[in-house]
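Written out below as structure tokens is the structure these notes cover.
The values are calculated or read from the model by the stated rules, or taken from the named source; none is laboratory data. All of these numbers come straight from a predicted model, not from anything done at the bench. Cβ sites come from the backbone with ideal geometry, for glycine too, and all protein chains shown count toward neighbours.
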Amino acid sequence: AQSVTQLGSHVSVSEGALVLLRCNYSSSVPPYLFWYVQYPNQGLQLLLKYTTGATLVKGINGFEAEFKKSETSFHLTKPSAHMSDAAEYFCAVNTGTASKLTFGTGTRLQVTL
Amino acid sequence: DGGITQSPKYLFRKEGQNVTLSCEQNLNHDAMYWYRQDPGQGLRLIYYSQIVNDFQKGDIAEGYSVSREKKESFPLTVTSAQKNPTAFYLCASSIQGEETQYFGPGTRLLVL
């Protein structure tokens with residue numbers, strides 16, 4: 001079975017500071033990993049994904065994530081937070097079974113002045 | 001524009017009533033999914049369909065039903081057997097064999 005753990009349901013950073021959102025996964029087979037962003041009362045938008053190949057993945061809006069197999073992690077980072085980054089972020093894993101995604105419980109990012 | 005549409009944006013259900021949430025996609029995707037989102041619980045899979053006229057239960061299918069008569073449509077019915085239907089419902093679709101799912105804007109269901 002696969003699972004996802006997002007450490008920290010709420011993260012607050014100052015504008016211009018580093019953003020680090022943590023995601024650890026459990027999977028018995030090589031995983032596909034995703035980060036999605038959700039703004040209030042909207043659907044989910046894909047930020048980035050890791051399938052195979054390069055372990056450092058760049059996504060939209062300046063975000064990136066690094067797949068570390070030894071640590072079973074896929075943390076999301078952004079060097080400098082912007083007010084518009086305030087949203088909820090979800091990490092998800094897919095092990096190829098009917099393309100089913102398992103989601104973490106989400107991390108709400110607050111950006112302060 | 002290609003995309004996924006969900007309607008209505010808000011839906012109100014009375015006690016004992018069945019309600020149907022619409023999900024339509026014009027992306028020519030084979031697979032479609034329904035998720036339920038509750039605060040602090042992330043997204044949980046209700047039903048999914050990989051091909052027309054076929055669908056499978058997800059993790060929380062009790063109290064819900066679906067149909068897949070057309071490739072572009074995957075409506076979800078919340079039946080009176082679902083005792084706690086208040087949630088945000090999200091529909092998604094993907095190309096068969098590809099891992100990325102694309103999401104619609106969601107429907108918020110409230111109980112009167």
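Candidates are the residues of the stretch A:16-65 that are part of a loop (DSSP other than H, G, I, E, B) and polar (S, T, N, Q); the one that is surrounded by the most Cβ atoms within 10 Å (Cβ to Cβ) is A:S27.
Scanning the stretch B:43-64 for residues that are surrounded by 17 or more Cβ atoms within 10 Å (Cβ to Cβ), free of Cβ contacts under 8 Å to residues at least 24 places away in the same chain and out of contact with any Phe, Trp or Tyr (no Cβ under 8 Å at 6 or more places or on another chain) yields nothing. Residues being within 13 Å of chain B (Cβ to nearest Cβ) and under 11 Å from the mean Cα position of the chain (by Cα) are represented in the stretch A:58-72 by at least one member. Every condition in (1) of a type outside the set (A, V, I, L, M, F, W, C); (2) closer than 26 Å to B:I4 by Cβ; (3) away from chain B (no Cβ under 12 Å); (4) in contact with a Ser or Thr (Cβ under 9 Å, 6 or more places away or on another chain) is met by A:D85 except one, and the failing one is (4). Meeting the requirement of 1 or more residues that are under 10 Å from the mean Cα position of the chain (by Cα), the strands (runs of 3 or more DSSP E) wholly within the stretch B:1-70 are B:4-7, B:19-25, B:31-38, B:42-51, B:64-66. Of the listed requirements (1) modelled with pLDDT of 95 or more; (2) out of contact with any Asp or Glu (no Cβ under 7 Å at 6 or more places or on another chain), A:K58 misses just one: (2).
Only a single item in (1) in a strand (DSSP E or B); (2) within 14 Å of chain A (Cβ to nearest Cβ) is not met by B:T100, and it is number (1). There is at least one residue in the stretch B:35-42 that is crowded, with 16+ Cβ neighbours inside 10 Å and more than 10 Å from chain A (Cβ to nearest Cβ). Among the residues of the stretch B:103-111, some residue qualifies, meaning at least one is part of a strand (DSSP E or B), facing another protein chain (nearest Cβ under 8 Å) and closer than 23 Å to B:Y10 by Cα.
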